[in-house]
Amino acid sequence: MKYSLEEIHKIDLRLVKEFLKICQKYNLKYYIIGGTFLGAIRHKGFIPWDDDVDIAMMRDDYEKFLQVANKELPKEFKLTTLYNNKKYRYYLPRIEDLNTEIVEKRYEHLGEKSHLFIDIFPIDGTPNNIILRKIYYFRILFNRMLVSWYYIDTIDPVRKRKKYEKILIFLGKILPTKKIINPQKRLKHIDDLLKRQKIEKSKYIGTIMGAYRTREIVPKEYFGTPTEYKFENIKLTGPEMYDEYLTHMYGEYMTPKNTNEHYSK
């Protein structure tokens, strides 16, 4: 079934409101990030051409949310993770509306159906030593690359990529990845690596499993205390230092470059 952007936004907001109920009940803190946060600052709601919502939580609150979500969500909603669905392709959990049915563009040729959803990101720390931080980045991104190789047939063919990314995609297509890579094992290894980095001890924290990878790692003070911002007909909390965060992510963020800005996962 196809949905208009307006319909998707309404469903996204329903999912967000259910997420908020759980956060309020269990006193969990969260931050809207990425394109959702940019939309809140620049448009007081969704970026007009955006179709998803990105929400992040500090690791402890994130783990608590994963534990309680499915017993608190209405029956038409479900939190799907790599731990409760063996066929799940992603690291990031998503809250899905089971009453919807979609086919994501990248899976059209496979005929795979899914549901409208919002993503939940964990915020984790990083090593303070710059060399150890580079090694840490490499380990995360290497495992992430292996998972992408396994699912090489679902990589977005339209998205603009750097030369080295094109080379890696080419290698993924010619190597016997299905035989040598266990994607679930790789994703769980990434999860273990991320959990080891304690936010309390880290100067730089963020959501390295997002679309922008290491660019999503910022000085810890950028997140600060969750601060309320208007988003459509509700208020959501985001990073305290909004200008620093958005400038770091997007540069001159108040002027849309064009309607093809990429803020997806």
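The values are calculated or read from the model by the stated rules, or taken from the named source; none is laboratory data. Since this is a predicted model, take the numbers as computed values, not measurements. Glycine also receives a Cβ, built like all others from the backbone with ideal geometry; neighbour counts cover every protein chain displayed. For accessibility, only protein heavy atoms count, side chains too; no ligands or nucleic acids. Shrake-Rupley method; radii C 1.70, N 1.55, O 1.52, S 1.80 Å.
Of all the residues in the stretch 190-235, those that are open to solvent by less than 90 Å² (accessible area, probe 1.4 Å) and touching a Ser or Thr at 6+ places or on another chain (Cβ under 8 Å) number 14.
For the condition at pLDDT 95 or above, out of contact with any helix residue (DSSP H, G or I) (no Cβ under 8 Å at 6 or more places or on another chain) and hydroxyl-bearing (Ser, Thr, Tyr), what is the one hit in Tyr31, Tyr62?
Values: Tyr31 fails: out of contact with any helix residue (DSSP H, G or I) (no Cβ under 8 Å at 6 or more places or on another chain).
Exactly one residue qualifies, and that residue is Tyr62.
Inclusion of Asp51 among residues that are surrounded by fewer than 22 Cβ atoms within 10 Å (Cβ to Cβ) and either modelled with pLDDT of 95 or more or in contact with a Pro (Cβ under 9 Å, 6 or more places away or on another chain) (or both) is not warranted. Counting only helices (runs of 4 or more DSSP H) wholly contained in the stretch 124-208, the ones carrying 1 or more residues that are modelled with pLDDT under 90 and under 30 Å from Pro219 (Cβ atoms) occupy 130-150, 163-174.
Condition first: of a type in the set (Gly, Ala, Ser) and closer than 23 Å to Gly125 by Cβ. Now tell me which residues in the stretch 220-255 satisfy that. Full working, then the answer.
Here is the first cut: in the stretch 220-255, the residues of a type in the set (Gly, Ala, Ser) are 224, 238, 251.
Those that are of a type in the set (Gly, Ala, Ser) and closer than 23 Å to Gly125 by Cβ: Gly224, Gly238.
Check whether at least one residue in the stretch 20-29 is of a type in the set (S, T, N, Q) and over 30 Å from Leu141 (Cβ atoms), and report yes or no. Yes - at least one qualifying residue is present in the stretch 20-29. Considering only residues that are in a strand (DSSP E or B) and either out of contact with any Pro (no Cβ under 6 Å at 6 or more places or on another chain) or without any contact (Cβ under 8 Å) to a residue 12 or more places away in the chain (or both), look in the stretch 112-123 and name the one that is farthest from Tyr91 (Cα to Cα). Taking the candidates together, the pick is Ser114. Going by the conditions given, is Arg89 in a loop (DSSP other than H, G, I, E, B), under 17 Å from Gly210 (Cβ atoms) and at pLDDT below 80? Considered against the rule, which asks whether it is in a loop (DSSP other than H, G, I, E, B), under 17 Å from Gly210 (Cβ atoms) and at pLDDT below 80, Arg89 comes out as no. Here is the figure for the stretch 21-39: residues that are aliphatic (A, V, I, L, M) and either within 17 Å of the chain's Cα centre (by Cα) or open to solvent by 60 Å² or more (accessible area, probe 1.4 Å) (or both) total 3.
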